[in-house]
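Engineer: Could you have a look at this structure, given as structure tokens, before my questions?
Just so you know, all these numbers are worked out from the coordinates, no wet-lab data involved. Only a predicted model underlies this, so the values are computations on that prediction, with no experimental measurement involved. Here the Cβ is made from the backbone with ideal geometry for all residues, glycine too, and neighbour counts use every protein chain on show.
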Amino acid sequence: MALAFGKTEQSGRVIRVHPLTVRVTHWINALAVLVMVTSGWRIYDASPLFAFVIPPGVTLGGWLAGALLWHFAAMWVLALNGLIYLAYGVLSGHFPRTLLPLSPTAIIRDLVEALRGRLPHELGIYNAVQRLAYLGVILVLVALVLSGLALWKPVQFQGLAALMGGYEGARLVHFFAMCLLVVFVVVHVVMVILVPRTFLPMWSGRARVRQPSAPAASG
Ligand code: HEM
């Protein structure tokens, strides 16, 4: 498979794998998600949708008002940072280059290979399952922000809330999108632990490869 966004350096052994904007927005996003989810759990506990509460020990904010302060502070970070990532992804061609193409055949093939432990990971190139997961989590984050807006300003955004079946519908969308996000993060972090050489390049943007890479090509 051709290098999607890797670029061969002079030495032929160090490749550039993640653009600066992607790295910066990724780690800001990870921190914002951590604050949003844990403070959101505390807000949920003040008025649970279901017959369970989240253990207070894993929540942020201490009490409802404290949690709301964290949630409303981090939401600006999440939304603005997300907009920068989305704008960069579209305008620079990062999304089509790294997350596309994607087909059901490729997803099934890569999933079967991954379950057999036979899917090689090439730094800088996402396999079809990763592409699906990353596109999926971007959509989940968009759903979280939109349902959050409907809950935050139900009068101003009543049209948005109506699309989700009203205020209670928006609460359900917000809750289940949070569940999907948490599942993504758990699987994502487990995958990074299983393939640890992907971790440092997500900070530095560079990776050392054993053999000289082929010249960068689109695809
Ligand atoms: C908390 C919420 C997180 C979300 C929503 C998230 C989402 C993403 C997305 C969308 C990408 C692809 C970026 C792109 O190329 O445009 C990515 C890549 C990556 N993320 Fe995260 N991430 C999160 C947290 C984390 C954490 C906590 C770690 C580290 C333990 C991590 C490690 C990585 C690595 C290493 C890659 C590159 C994978 C590779 O090269 O194959 N992420 N993440």
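Engineer: Could you calculate the FRET efficiency of V195 with S47 from 1/(1 + (r/R0)^6), where r is the beta carbon distance between them and R0 is 30 Å, rounded to 0.05?
Structural biologist: E(calc), rounded to 0.05, equals 0.15.
Engineer: I'd like to know which of F175, S92, L141 lies farthest towards the positive end of the charge dipole of the chain, counting +1 on Cβ of Lys and Arg and -1 on Cβ of Asp and Glu.
Structural biologist: Positive-end residue among those listed: S92.
Engineer: Projected onto the charge dipole of region 109-219 (+1 at Lys/Arg Cβ, -1 at Asp/Glu Cβ, origin at the Cα centre), which of P201, A114, M191 gives the Cα projection farthest towards the positive end?
Structural biologist: Farthest towards the positive pole: P201.
Engineer: Something else about it: Expressed as a rounded percentage, what relative contact order does region 113-192 have, with Cα pairs under 8 Å and six or more residues apart?
Structural biologist: For region 113-192, the relative contact order is 28 percent.
Engineer: Projected area of region 75-139, taken from the Cα convex hull and averaged over every viewing direction, in nm²?
Structural biologist: Its average projected convex-hull area is 5.2 nm².
Engineer: When the helices in the chain are scored as -39500 (n - 2.57) per DSSP H run of 4 or longer and the sum is shared across all residues, what 222 nm value do you end up with, to the nearest 500 deg cm²/dmol?
Structural biologist: -21000 deg cm²/dmol
Engineer: In whole angstrom, how far apart do the alpha carbon centroids of region 117-165 and region 46-72 sit?
Structural biologist: What the calculation gives is 22 Å, centre to centre.
Engineer: Using only the Cα atoms of region 1-131, construct the convex hull and provide its projected area averaged over every direction, in square nanometres to one decimal.
Structural biologist: Reported value for the Cα convex hull: 11.6 nm².
Engineer: Picking from P48, P154, P19, which is most flexible by a Gaussian network model of the chain using Cα springs under 10 Å?
Structural biologist: Result: P48 has the largest fluctuation of those listed.
Engineer: Please give the length that would be gained between W203 and H26 if that part of the chain were fully extended, namely 0.36 nm times their separation in residues minus their C-alpha to C-alpha distance (nm, one decimal).
Structural biologist: Using 0.36 nm per residue and subtracting the Cα-Cα distance, I get 62.8 nm.
Engineer: Mind listing P(r) for the chain? All alpha-carbon pairs, 5 Å bins, whole percents.
Structural biologist: 1, 6, 12, 16, 17, 15, 11, 9, 6, 3, 2, 0, 0
Engineer: Shifting gears a bit: Go ahead and set up a Gaussian network model of the chain, Cα springs under 10 Å, then flag whichever of W152, W70, W203 fluctuates most.
Structural biologist: Evaluated over the chain, the most mobile residue of the options is W152.
Engineer: With the chain treated as a Gaussian network of Cα nodes joined by springs under 10 Å, which of V173, V33, V190 yields the largest mean-square fluctuation?
Structural biologist: Maximum fluctuation in the GNM of the chain, among the listed residues, is at V190.
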